[in-house]
Amino acid sequence: MPEVPAPDKLLLGHYKVGPEIGKGSFAHVYKGTDTRTNKTVAIKAVVKSRLNGNQKLIDNLQAEIQILQNLKNPHTVTLLDSANSKDFFYLFMDFCSLGDLHFFIRPENQLTGSHPLLKSIFERYPPPKNSHGLNEIIIINFTKQLASALKFLRSQNLIHRDLKPQNILLAQPVNSKEEFIKKGYVGLIDLPILKIADFGFARILPSTSMAETLCG
């Protein structure tokens, strides 16, 4: 089995691989840097040997890449580039520094020490008293962003088929109102930006068809 890319020791085209930030059954995800712009990116390295020649898994990956290449929406993760080597498929994507929604909905006291921004957010939008839930304003903000993304996917005849908190990522708020408007975000400018990720199960569904496959 090929070795997983070693942090800080690999340059993939214009992208430098950094520390590992997540992993799954078939892939490892790294924090990386675009050396041309110094922008932080997420690098998903899919280990080909773990696909075991399973054509369905390979087809799912290729379909994900094709969908992401044509998917341009502020509340879906952007595929910046992709590459193919002897042992790996690489996907270079938006880096969402605040993790996923599954992480974010933990009790507040488990979050505030993990990122300075989160402490500030919970000070401005405290959770309800005697509750581990989120402030109503945060919930409304995320719901608006999620609804906006799903409306866009529907307009493209796309169904995600694996929507869950782990596949909903959170990026830091943008720096200015002008940038917020220019990029087409919805919600509040001072709260995290929600982005739908992981389109491995996604499919284009013609308007004349119905989805019948059980998955996700």
Longest span of the chain, sites excluded, free of GluC sites (Glu not before Pro) in DSSP loop with at most 13 other C-beta atoms within 10 Å?
4-211
In terms of modelled amide H atoms, which long-range or inter-chain residues lie less than 5 Å from the amide H of Lys39?
Asp34
Residue by residue through segment 151-163, the couplings from Karplus 6.51 cos²θ - 1.76 cosθ + 1.60 with θ = phi - 60°, in Hz, x for Gly and Pro, are 4, 5, 4, 5, 5, 9, 6, 10, 10, 7, 6, 8, 7
What list of ³J(HN,Hα) couplings, whole Hz, do you get for segment 193-198 from phi and the Karplus terms 6.51, -1.76, 1.60, once you set θ to phi - 60° and write x for glycine and proline?
8, 7, 9, 6, 10, 6
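On the protein heavy atoms, probe 1.4 angstrom, tell me the percent of accessible surface of the chain carried by carbon and sulfur.
53 percent
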Label corresponding to Cα Rg over 2.2 N^0.38 Å when calculated from the structure given, among (1) 1.24; (2) 1.17; (3) 1.07
(3)
Starting from the amide H of Leu205, placed 1.01 Å from N in the peptide plane, find each other amide H under 5 Å away whose residue is 5 or more places distant or on another chain.
Leu158, Ile159
What list of ³J(HN,Hα) couplings, whole Hz, do you get for segment 39-45 from phi and the Karplus terms 6.51, -1.76, 1.60, once you set θ to phi - 60° and write x for glycine and proline?
7, 7, 10, 9, 10, 9, 9
Leaving out same-chain residues fewer than 8 places away, which lysines sit with a Cα under 17 Å from that of Lys44?
Lys9, Lys16, Lys23, Lys31, Lys86, Lys195
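Per residue, how many Å² of accessible area does the chain show with a 1.4 Å probe?
Averaged over the residues of the chain, the accessible area is 57 Å².
The values are calculated or read from the model by the stated rules, or taken from the named source; none is laboratory data. This structure is a prediction, so every number in the text was calculated from the model and none was measured. A quick note on method: Cβ atoms are made from the backbone with ideal geometry, for glycine too, and the neighbour counts reach across all protein chains shown. Areas reflect the complete protein model, heavy atoms only, side chains present, ligands, DNA and RNA absent. Shrake-Rupley method; radii C 1.70, N 1.55, O 1.52, S 1.80 Å.
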